[in-house]
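No lab work stands behind these numbers, since they all come straight from the coordinates. As the structure is a computational prediction, the values presented were derived from the model and not from experiment. Every residue, glycine among them, receives a Cβ derived from its backbone with ideal geometry; neighbour counts consider all protein chains shown.
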Amino acid sequence: MSRAQKIGNLMGVFVPVGAFVAALVLLWERFVGPLDLAVMTAMYVATGLGVTVGFHRLLTHRSFQTVGWVRAVFAVLGSMSVQGPVIHWVSDHRKHHAFTDEEGDPHSPHVGAGRGLRRALAGLWHAHVGWLFSAAGRAEPQRYARDLVADPLMRGISRLFPGWVALGLAIPFAIGYAATGSLRGGLIGLLWGGLVRIFLLHHVTFAINSVCHFFGRRRFATDDESRNVFWLAVPSFGEAWHHNHHAFPTSAFHGLRRREIDPGGLVIRGLERLGLAWDVVRPSPERQAEKAVAA
């Protein structure tokens, strides 16, 4: 990993943290208006769905098929989340599934020597953000994402990653500036809809790698340590039904019970009704029953 890549990863993790602290200072001094929260929420939802529906369910696991422009929109929105170029994100996640919680998994909290609380904390740190600062274990796109490497559209979107990041920051700035007519309004829009939004989405996503492989419930027979964490389900757009996902990786739906809220799955169902999604993968009740662990 080059020095520039390490610096980029460092900034991607800690600059939004600094922005969040700055936001708290602003809250201490003044009331944040509805526009600020609306811009942050809209950008969070758009880019979060870009990750869970686009990067993850569509491009990594091919859990449904769609038209080219929908693929492109989700790939661009996912890129705005600042979690890396789409081809590299997909490569790392496919490798995670190939070596889940074993040597070779890029971000397992369980791989490494030692036991006890210190080891557990070190593992959680590595799974949450530590793995971003090391080239060890990162996946080779030619091996793990050959289909995307061969796709000119995905190659182009991946190559333009810095531009999508800039766009994801420019949009909330422009909204804030247009709504208030002032540079201060634009900067506040950038703070909430850009940097704070990135911070929140980053750490919700990182929690799937760390928390959802350490705490929570299991109900299927799997060879890994994946867990379902209900309180992360809504902010992660359904990704926190992570054990369900590892039991049925190609399923378009991570929430498999009525009470398992899965916003990403609802979006895919909506696309299906509009005729924009087909070949949607659903694990049958019989398959689920076969894999279920007796209570």
**Message:** Can you order the peptides 210-217, 83-90 by their average number of other Cβ atoms within 10 Å per residue, highest first?
**Reply:** 83-90, 210-217
**Prompt:** Taking 0.36 nm per residue of separation and subtracting the Cα-Cα distance, what length does fully extending residue 184 through residue 279 add?
**Reply:** 29.4 nm
**Fill in**
Taking 40-50, 222-232 and ranking on average Cβ neighbours within 10 Å, highest first, one gets 40-50, 222-232
**Asked** Between residue 102 and residue 160, what is the spin-label point distance in nm, taking each point 7 Å from the Cα along the Cα→C-beta axis?
**Response** 4.0 nm
